[in-house]
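Q: Okay, here's the structure, questions in a sec.
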Amino acid sequence: MTGAVKKVRGTLLLDGSRHAIKKAAALLQAGGLVAFPTETVYGLGAVATDPAAVKKIFLAKGRPADNPLIVHIADLDQLAGVIDSPSPEALFLAGRFWPGPLSMVLKRNPALAPEVSAGLPTVAVRMPDHLLALRLITATGAPLAAPSANLAGHPSPTSPQHVITDLSGLIDAVIMGQRCRIGVESTVLDLSGRQPVILRPGGLSREDLETALNCRIPVAGTRFSALRPSSPGMKYRHYAPRAPLFLITGSPDRRRVLLQTMAAYYRKQGLRVGVLSSFPGKGWGIEGQHGRQAANLYRALRMMDDSGTDLILAEETSITGLGLAVMNRLRKAAGRTLRI
Ligand code: TXA
Ligand code: MG
């Protein structure tokens, strides 16, 4: 294996070989930015204790400086350098769900670059369940701050091609892994307050967390919770495709009739209409196949944009399991919600 595959607009495309990981680690140690695969989405990494490198992440993505990043670690020893002192609850959840799609918000260690957590006293941390990500963090010898490796406002990248489309020319390298297994971002759980709160539903289901902690866990910013959104990222319109997206909610029979009627109406007007429907045969994943819907979601949104879709019609799915994350992303992507 040669390590480097080629360059696109100055960004090195690396394979997953040992040589390539060494090269990527050296770029990170020198203050560079390297995108890498995780089980959720691709991340854009910088050494979390290097303020200048962390600032570059915000610049490359066009990310508002008040939206904090997630710090990625490869083993529990690294936790002490990231957070102040882990609570028994945090250690219990780490033991149960790491490596995996759970980011925990805890009191931060002052050694971290303040930019990582946008000046907040807390920091989000997780251990990704992906061999290449773990090898990269270990080879670098430091925790990596890494948001999703997309331009701010675009759907998160679930394949190396998505990263290249958004960030080539703006970052040092991309580790070219496979498509991401989960396809939506990690669940962000705030453990810094009196009661655990899900700030962002994601790849670990609310049900799994509730079973583990043996309590109800509210989701911030929804009808389940009167809590104000405490995750700065929640105030931004995220995950948005270029084409306007209408989310159609209501009973399955009625919403399907509306979806088909609207699709036919706009197509007759000459518009390209993209459909995300759990109708059998539509390819997205039928109702109940939330894992499949999550894995396909961002890829489908990007494919629709690439093929010049004028309008996207998306059908509501139930909010059990990963359905909660899918609906959260659809609501954020939607310009309008039509309830029938
Ligand atoms: O799966 C993932 O989480 C991916 C991969 C790369 O690990 N990363 C990711 O990062 O989605 P990003 O930056 O796109 O989303 C981070 C989210 C944002 O909504 C941010 O506001 C929230 O986590 N967050 C980070 N630190 C926080 C903190 N200290 N308090 C509250 N929310 C925080
Ligand atoms: Mg993101």
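Read the figures in this text as sums done on the coordinates, not as results from a lab. Source: prediction; values computed, not measured. So basically every Cβ, Gly included, is an ideal-geometry build from the backbone, and we count neighbours across all protein chains shown.
Q: When Rg is the radius of gyration of the Cα atoms in region 286-327 and Rh is its Kirkwood radius, what does Rg/Rh come to?
A: With Rg and the Kirkwood Rh in hand, the quotient comes to 1.01.
Q: Can you give the translational diffusion coefficient of region 64-137 in µm²/s, computed by Stokes-Einstein from the Kirkwood radius over Cα pairs at 4 °C and 1.567 mPa s?
A: Values: Rh = 12.5 Å.
Roughly 104 µm²/s, to the nearest whole number.
Q: Holding the Cα-Cα limit at 30 Å, pick out from 6/332; 61/268; 55/107 the pairs that are longer than that.
A: Distance filter (> 30 Å) returns 6/332; 61/268.
Q: Return the ratio Rg/(2.2 N^0.38 Å) for region 262-340, where Rg is computed over Cα atoms only. List each step's numbers first, then the result.
A: Details: Rg = 12.4 Å, N = 79, 2.2 N^0.38 = 11.6 Å.
Here the answer is 1.07, to two decimals.
Q: Listing 271, 297, 311, 69 from the residue with the fewest other Cβ atoms within 10 Å to the one with the most, what is the order?
A: Placing the least packed residue first, the sequence is 271, 311, 297, 69.
Q: If Rh is defined by the Kirkwood formula over all Cα pairs and Rg also comes from Cα, what ratio Rg/Rh do you get for region 243-303?
A: 0.96
Q: Along region 62-69, what does the Karplus equation 6.51 cos²θ - 1.76 cosθ + 1.60 (θ = phi - 60°) give for ³J(HN,Hα), rounded to whole Hz, x for Gly and Pro?
A: x, 8, x, 5, 8, 10, x, 9
Q: Can I ask one more? Taking the highest mean first, how do the peptides 324-330, 304-310 order by number of other beta carbon atoms within 10 angstrom per residue? Intermediate results must be reported in sequence, preceding the final value.
A: Details: 324-330: 24.6, 304-310: 15.4.
Put in order of decreasing packing, that is 324-330, 304-310.
Q: Amide H neighbours of residue 45 under 5 Å, at least 5 residues apart or on other chains, H built in the peptide plane: list them.
A: Answer set, sorted by chain and number: 34, 35, 36.
Q: Bin width 10 Å, origin at 0, all Cα-Cα pairs of region 117-188: what percent of pairs per bin?
A: It works out to 16, 48, 34, 3, in whole percents.
Q: A further question on this structure: What area, in nm² and to one decimal, does the C-alpha convex hull of the chain cast on average over all directions?
A: 16.9 nm²
Q: Between region 116-171 and region 302-340, what's the alpha-carbon centroid distance in Å?
A: 24 Å
Q: In what sequence do 239, 42, 266 fall when counting other Cβ within 10 Å, fewest first?
A: Lowest count first: 266, 239, 42.
Q: Bin width 5 Å, alpha-carbon pairs only: give the P(r) of region 25-100 as whole percents, running from 0 to the bin holding the largest distance.
A: 3, 13, 21, 24, 19, 14, 6, 1
Q: Would you mind getting the Kirkwood hydrodynamic radius of region 19-162 from its Cα pairs, rounded to one decimal in Å?
A: Across region 19-162, the inverse of the average 1/r is 14.9 Å.
Q: Of all beta bridges DSSP finds with both residues in the chain, what is the antiparallel percent, to the nearest 5?
A: So the antiparallel bridges amount to about 45 percent of the total.
Q: Here is a further query. Could the peptides 333-339, 122-128 be put in order, highest first, of the mean number of other beta-carbon atoms found within 10 Å of their residues?
A: Details: 333-339: 15.1, 122-128: 25.9.
Highest to lowest by the protection proxy: 122-128, 333-339.
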